[in-house]
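To keep things clear, I will list the structure first and then write my remarks on it.
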Amino acid sequence: MNAVVAPGPSLLVRLGALVDCTRAEGYACITARHEHGAHAVDIDHPCIAIVLRGRKQVRTHAQALEFAPGDLFLIARRCRMDVVNIPDPDSGLYLTVTIPLCEEVLAAARLLWSEPITGRGDDLARLDSADFAPELQHWLASLQAGHYTEARLALAALTVALCRRGHTTMLVPPPARLAMRIRDLIRADPARDWQSQHIETTLGLSGATLRRRLAGEGTGLREIIAAARLACAMDLLYTTDWPVKTVAARVGYRSVASFSRRFSERYGLDPARIGNA
């Protein structure tokens, strides 16, 4: 008879080991060493986050939640939020593992889910990670072994388990938006000197069509490029110990002062405040 691994602190310790995992795919370890807040952070796709150290406060136009170690933070659909990350007072470190639910995982979960899918429900939810210990441990073991197909299947099982709790909003396909496709292109290579002609060629659109469709979505190409680069910068500031100068260069800024100004304007946060450099 196979022994059952008990949930609780052991799960959090094992998840914390991902900081040093060399077989990384599809997750990020978010760290911070100073308390700080950021405004209007866009989350483009469903994902989960598990707080390992410190606390996290989140607010949208409709919800306000606080998370402590062991909490599973579910983002069920695209949303914009204000966040405050507070390091643990003993270690001086804030640490969260974030796991995007990619389209492959969501598509597999849709095939497995045989009940009605609704678009109702909250954008955010707080759950106990211990309730999903078997799925998380399967994902973690597969990831650390380099078995990425099995890791995605474990996430599909986790998604189904979350749907059992009423969070089927995750399975509703997002509306097809040109801005999202362009944002994904930029985020794949943020340092590139992106011009309209590059986007037009990649997507097979004329300049006039590109501008018209983006205007219909209430945005423009320059705005999308800037937002995508700054979102990439946010990821790098949380997941590396690179200085702000290096992060700025990696997302296409030649001037650190210009980057810091734009970042502060976008998020209401000095990029150096995260404190990992």
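The values are calculated or read from the model by the stated rules, or taken from the named source; none is laboratory data. A quick note: this is a predicted structure, and the numbers were derived from the prediction, not measured. Every residue, glycine among them, receives a Cβ derived from its backbone with ideal geometry; neighbour counts consider all protein chains shown.
Values as computed for the structure displayed
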read-out	value
Residue match in the stretch 134-154 (condition: modelled with pLDDT under 90, buried (at least 20 other Cβ atoms within 10 Å of the Cβ) and part of a helix (DSSP H, G or I))	yes
Checklist (1) free of Cβ contacts under 8 Å to residues at least 12 places away in the same chain; (2) of a type outside the set (D, E, K, R); (3) over 28 Å from Arg14 (Cα atoms) applied to Thr149, failing item	(3)
Residue check for His147: over 19 Å from the mean Cα position of the chain (by Cα) and either within 20 Å of Ala107 (Cα to Cα) or of a type in the set (D, E, K, R) (or both)	yes
Within the stretch 261-273, tally of residues that are out of contact with any helix residue (DSSP H, G or I) (no Cβ under 6 Å at 6 or more places or on another chain) and not acidic (Asp, Glu)	7
Among the candidates His34, His39, residue that is modelled with pLDDT of 90 or more and in contact with an Asp or Glu (Cβ under 7 Å, 6 or more places away or on another chain)	His39
Residue that is nearest to the chain's Cα centre (by Cα) [pool: residues in the stretch 235-253 that are charged (D, E, K, R) and surrounded by 16 or more Cβ atoms within 10 Å (Cβ to Cβ)]	Asp235
Hits in the stretch 155-178 (condition: assigned to a helix (DSSP H, G or I), over 18 Å from the mean Cα position of the chain (by Cα), surrounded by 14 or more Cβ atoms within 10 Å (Cβ to Cβ) and of a type outside the set (Ser, Thr, Tyr))	Ala157, Val160, Ala161, Cys163, Leu178
Test: residue in the stretch 87-103 that is in contact with a Gly (Cβ under 8 Å, 6 or more places away or on another chain), free of Cβ contacts under 8 Å to residues at least 60 places away in the same chain and more than 20 Å from Pro46 (Cβ to Cβ)	yes
Meets criteria (in contact (Cβ under 8 Å) with a residue 40 or more places away in the chain and touching a Gly at 6+ places or on another chain (Cβ under 7 Å)) for Arg229	yes
Filtered residues of the stretch 206-234 (kept if surrounded by 18 or more Cβ atoms within 10 Å (Cβ to Cβ) and farther than 30 Å from Arg273 by Cβ)	Leu210, Leu214
Failed condition for Ala188, given (1) under 29 Å from Ala226 (Cα atoms); (2) among the aliphatic types (A, V, I, L, M); (3) under 20 Å from the mean Cα position of the chain (by Cα); (4) surrounded by 13 or more Cβ atoms within 10 Å (Cβ to Cβ)	(4)
Output for the stretch 106-133, where each listed residue is closer than 27 Å to Ser10 by Cβ, part of a helix (DSSP H, G or I) and either within 18 Å of the chain's Cα centre (by Cα) or outside the structural domain of His167 (by TED's automatic domain parsing) (or both)	Ser129
